[in-house]
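K.L.:
Pasting a structure below so you can have a look.
The values are calculated or read from the model by the stated rules, or taken from the named source; none is laboratory data. Quantities reported herein were computed from a predicted structural model and do not represent experimental measurements. We place every Cβ from the backbone using ideal geometry, glycine too, and count neighbours over all the protein chains shown. Ligands, DNA and RNA are excluded from the accessible area calculation, which covers all protein heavy atoms including side chains. Shrake-Rupley method; radii C 1.70, N 1.55, O 1.52, S 1.80 Å.
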Amino acid sequence: MQSRRNFLLRTGALGCSLAASPLLTPMTFASAPWDNRLVVIILRGAMDGLDVVQPYGDRNLAGLRQKLKTGEAGGAIDLDGYFALHPALQGLMPLWRAGQLGFAHAVSTPYRDKRSHFDGQDLLEAGTGFDAAGGVRDGWLNRMLQTVPGLEADTAFAIGREELLVMSGAAGVASWSPDADLDLTPESQQLLQLIYAQDPLFSKAAAEAMQIAQALNLDGGADSYAELLKGMQNTMAGSQRGKEHVKIAEFAASRLRQETRVAAFSLNGWDTHNNQRGGLTTSLGRLSGTLLTLQKELGPVWQKTAVLAMTEFGRTVRENGTAGTDHGTGGAMLMAGGAIKGGQIYGKWPGLGDSDLYAGRDLLPTADVRAYAGAAMRGVFGLEKSVLENTVFPGLDAGSLPKITL
Amino acid sequence: MSFDPDTAAIRFGMGLGPGLKPPGSVDEMIRVLRARDAAAMQYPIPRFMSLLPDISRLAELQKDRRRTKDKARLKVVMAGIRDLRRSSRSAQAEYLKASVARGVFSADGFRERLTRFWADHFTVKGKNGILKTAVSTYVEEAIRPHLTAPYSQLLAAAVTHPMMLLFLDQVTSAGPGSRMAKRRSGRGLNENLAREVLELHTLGVDGAYTQADVRQLAELFTGMTASHDAGFVFRPGMAEPGAETVLGKSYGGGRPGMDDIRAFLDDVAVHPDTGAHIARKLVRHFVADDPDPALVDHVAARFAQSGGDLTEVYEAMLNHPLAWVTPDRKTKQPFDFVVSSLRALGVPEDRLMRMKPRQVALYLGLPMQVMGQSFENPTGPDGWPEEAEAWITPQGIAGRIQWAMTVPHVARLDLPDPRVFLDVALGARASAALEFAAKGAATKWEGIGLILASPEFQRR
């Protein structure tokens, strides 16, 4: 079987988000085509959906999870009489009650069996199946943007130090990290443009960096070495302060309040093989903090926002021998925001009996997680179902898309 | 064969520098690599074993903290914990400084590059306490001494190292039928290390293994654990009794011990899928993100013929014309960018070595992080990406330009003339546009910054 990752590496697709923006084209701020906002968070490491949204009404759960206490015994919060929320997400309960938090359960990408994080994440972000039509080499958010002609680069923002495949592709996308900074003398700026002119990768990245720095007012017009050095020292000191996920959420919100309509970033730390109680509590605390920061910083824009948090696969239904869980298949997706029809758990529950499981060990996926992502895009941006099935998620049979937005 | 000294220094080493002679031939590169490790003696980094007393002490203090009721005693304990943590953090800054210094001053840049390559291939992270700051000491102990060994030796050193066993949760994994699992309910298997050994360290994700192999290997690995005072420990009471079948071959069955695990590691180290995986990874790291299959196949063939003899594998790569004629399309990762810049600048040794931990962070560690590479701390066990596109992003290049414009003048007060520097740093690689820019820059620091920020300097 051809690995998705190697395919992407061979075709050089990982990471290329080539906008047609030559160096000297000034960044324009045309109004975006939509008013709603979409935020996609990639949860890297395989979040244990069964621990986050616990099917404590399923009589098998307590036996499968003895050290990982579930339901009332583990302090989980009842959601609907059958499912309960992990206690580390307590802070999100006001959103649940307001109908602004929901989940899709027993979902997965088409990835099966080898359970590699890295292939799993590539497949999640590419949005294609292994057997999808050949030649697809970009991320699904980027393909969604490609279907709308004339978008400005700042319509979509990839945030963080690491590259995001889900946003990569032919459509212009802005990319920045909250701790990045760039200030240059006008002479240096011109000379840099000259030396980058022969190298499209450098030329494009530098041009975007200069434009973003200007748009963010990082470009203070320093004209002495002392000022630049001071600025560099401040940047480095600032990169040590504060919590990274909060800085990313604040940055995303600051862009989404303006012209940006789509933002994506990652949260790491979900690979809970060992002492899951501790590790998952920490990671869910970050996820909760991220969502609450977005809500607070977006202000009224939160009402028009749909946030999707997705992971590469779920984890084994049985806890392992070290109070953790190993790589599995079916998992859960989180959705939040004022544009979401929340307060419910979507999906068809497959059950946790021995004969219900996938390969005798994993939660059986009963829906494709891409169908929910598609439903959200249809809801907030009005995308046609045929565009979703043919272009954004080639090979997806979305069936009748669930309606998850208001 | 088109060996060229500048390419040897830039593509396979840490770059050019004033007064530093680039390698004269492939034979010389290999000879130097096989000789004693002069850079490690000059800029020492302790081995992991030497941290054990501090690791034990911290564990004792933490136990005390939980048990002590006495307030005065608690104060002393807390102060002890703080001191140990603080000293481990400044030690980490010293490790970074030594790693940088080796790259900046060593005549054997290929050794430094191979160290980074294999440290990344066998990525570990410390999750808490002193382990968080100990990655360099693992590299010094498990990676660096085995760069020219058979692959099976390097594999065993890395995979059985306490840092790896801790990082990938092997230390708590017990066989479901082991004495420990019978005694303590809920104790059992953890698949993490077994999966990553097959997927990342040996066969590769496209290799010929299944979930059943992962499970069987996890059982075979049980018993390997670590303790605060001894480091690596094999505990038969945690080992799964009976034989395991991994990749179609049966291991163990008698008294559990390391022999069976080593037998498996010896076999998997020379599996054809392992050779193909390592060859491709090595060539992608050194020659091209999207390498010519002819070169990969050539290196893989030598891996197979030599039973994974790493020196022969490197020779196969270096003696192939494609290693030299492939255009400079790779991008230096941030660590190499910073090191090769300081090397080209001819930074005075005492100025670098006198840097305090705070300065190491401000001018080396944090800037690399802003450029996208927190030193020895990638996101996951798969290490850093290779593709130029993953590094030359708007945020990544902003970090590189900002560093290039500011830190050289901190590292060297008397900056060289940019026109001279251009030749020192790049030899024949400078373009006319860059020459124009170096001449046209209003100040020395801008001229130097432009040269370091140029594609010619950052590509190789």
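K.L.:
So in region A:172-202, with the set limited to residues that are surrounded by 21 or more Cβ atoms within 10 Å (Cβ to Cβ) and more than 8 Å from chain B (Cβ to nearest Cβ), which one is farthest from A:Glu152 (Cα to Cα)?
P.N.:
Checked region A:172-202; the qualifying residue farthest from A:Glu152 (Cα to Cα) is A:Pro178.
K.L.:
Kindly indicate which of A:Thr147, A:Thr109 is surrounded by fewer than 23 Cβ atoms within 10 Å (Cβ to Cβ) and of a type in the set (Val, Ile, Thr).
P.N.:
Unique residue meeting the criteria: A:Thr147.
K.L.:
Given (1) open to solvent by 20 Å² or more (accessible area, probe 1.4 Å); (2) away from chain A (no Cβ under 11 Å), identify the lone condition not met by B:Val360.
P.N.:
The single condition B:Val360 does not satisfy is (1).
K.L.:
Are any of the residues in region B:155-164 assigned to a helix (DSSP H, G or I) and within 14 Å of chain A (Cβ to nearest Cβ)?
P.N.:
Yes, because at least one residue in region B:155-164 is assigned to a helix (DSSP H, G or I) and within 14 Å of chain A (Cβ to nearest Cβ).
K.L.:
Let me ask something else about it. Return a yes/no flag: does region A:375-384 have any residue that is open to solvent by 50 Å² or more (accessible area, probe 1.4 Å) and either in a helix (DSSP H, G or I) or within 14 Å of chain B (Cβ to nearest Cβ) (or both).
P.N.:
Yes, some residue in region A:375-384 is open to solvent by 50 Å² or more (accessible area, probe 1.4 Å) and either in a helix (DSSP H, G or I) or within 14 Å of chain B (Cβ to nearest Cβ) (or both).
K.L.:
To continue, here is another question. Of all residues in region B:435-448, which are within 7 Å of another protein chain (Cβ to nearest Cβ), in contact (Cβ under 8 Å) with a residue 40 or more places away in the chain and buried (at least 24 other Cβ atoms within 10 Å of the Cβ)?
P.N.:
The answer is B:Glu446, and nothing else.
K.L.:
Would you check which residues across region A:73-106 are without any contact (Cβ under 8 Å) to a residue 24 or more places away in the chain, of a type in the set (A, V, I, L, M, F, W, C) and either open to solvent by 40 Å² or more (accessible area, probe 1.4 Å) or within 30 Å of B:Gly380 (Cβ to Cβ) (or both) and list them?
P.N.:
Residues satisfying the conditions are A:Ala73, A:Ala76.
K.L.:
Report the residue count in region B:84-111 for those that are of a type in the set (D, E, K, R), modelled with pLDDT of 95 or more and open to solvent by 10 Å² or more (accessible area, probe 1.4 Å).
P.N.:
The qualifying residues number 3.
K.L.:
Residues in region B:418-430: is at least one within 28 Å of B:Trp324 (Cα to Cα), away from every other protein chain (no Cβ under 12 Å) and over 34 Å from the mean Cα position of the chain (by Cα)?
P.N.:
Checked region B:418-430: at least one residue is within 28 Å of B:Trp324 (Cα to Cα), away from every other protein chain (no Cβ under 12 Å) and over 34 Å from the mean Cα position of the chain (by Cα).
K.L.:
Oh, and also: Pairs under 7 Å by beta carbon, first residue more than 22 Å from B:Ala149 (Cα to Cα) in region B:280-307, partner at pLDDT below 95 and surrounded by fewer than 19 Cβ atoms within 10 Å (Cβ to Cβ), six or more apart or different chains?
P.N.:
Short answer, once both residue conditions are applied: B:Asp289/A:Gly12; B:Asp290/A:Arg10; B:Asp290/A:Gly12.
K.L.:
OK, next. Do we have B:Val124 as modelled with pLDDT of 95 or more and either farther than 30 Å from B:Pro5 by Cα or among the aromatic types (Phe, Trp, Tyr) (or both) here?
P.N.:
Answer is yes for this residue.
So that you can scan it fast, the table gives a plain yes or no per residue for (1) part of a helix (DSSP H, G or I); (2) over 30 Å from B:Val32 (Cβ atoms); (3) in contact with a Gly (Cβ under 8 Å, 6 or more places away or on another chain):
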| residue | (1), (2), (3) |
| --- | --- |
| B:Trp118 | yes, no, no |
| B:Tyr138 | yes, no, no |
| B:Gly175 | no, yes, yes |
| B:Ala194 | yes, yes, no |
| B:Ala212 | yes, yes, no |
| B:Leu220 | yes, yes, yes |
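K.L.:
Looking for something of a type in the set (A, V, I, L, M), under 28 Å from A:Ala98 (Cβ atoms), in a loop (DSSP other than H, G, I, E, B) and in contact with a Ser or Thr (Cβ under 7 Å, 6 or more places away or on another chain) - is there at least one such residue anywhere in region A:334-341?
P.N.:
Within region A:334-341, one or more residues are of a type in the set (A, V, I, L, M), under 28 Å from A:Ala98 (Cβ atoms), in a loop (DSSP other than H, G, I, E, B) and in contact with a Ser or Thr (Cβ under 7 Å, 6 or more places away or on another chain).
K.L.:
Looking at region A:241-251, which of the residues that are touching a Phe, Trp or Tyr at 6+ places or on another chain (Cβ under 9 Å) and of a type in the set (A, V, I, L, M, F, W, C) is least open to solvent (accessible area, probe 1.4 Å)?
P.N.:
Restricting to residues being touching a Phe, Trp or Tyr at 6+ places or on another chain (Cβ under 9 Å) and of a type in the set (A, V, I, L, M, F, W, C), the top hit is A:Ala249.
K.L.:
Further, regarding this structure: Out of A:Ser254, A:Ser266, A:Ser288, A:Ser283, report the one residue that is within 19 Å of A:Ala156 (Cβ to Cβ), of a type in the set (S, T, N, Q) and crowded, with 17+ Cβ neighbours inside 10 Å.
P.N.:
A:Ser266 is the lone residue from the list that is within 19 Å of A:Ala156 (Cβ to Cβ), of a type in the set (S, T, N, Q) and crowded, with 17+ Cβ neighbours inside 10 Å.
K.L.:
Restricting attention to region B:221-231, and to residues there that are in contact (Cβ under 8 Å) with a residue 40 or more places away in the chain and surrounded by 15 or more Cβ atoms within 10 Å (Cβ to Cβ), which single residue is farthest from B:Tyr209 (Cα to Cα)?
P.N.:
So, considering only residues that are in contact (Cβ under 8 Å) with a residue 40 or more places away in the chain and surrounded by 15 or more Cβ atoms within 10 Å (Cβ to Cβ), the one farthest from B:Tyr209 (Cα to Cα) is B:His228.
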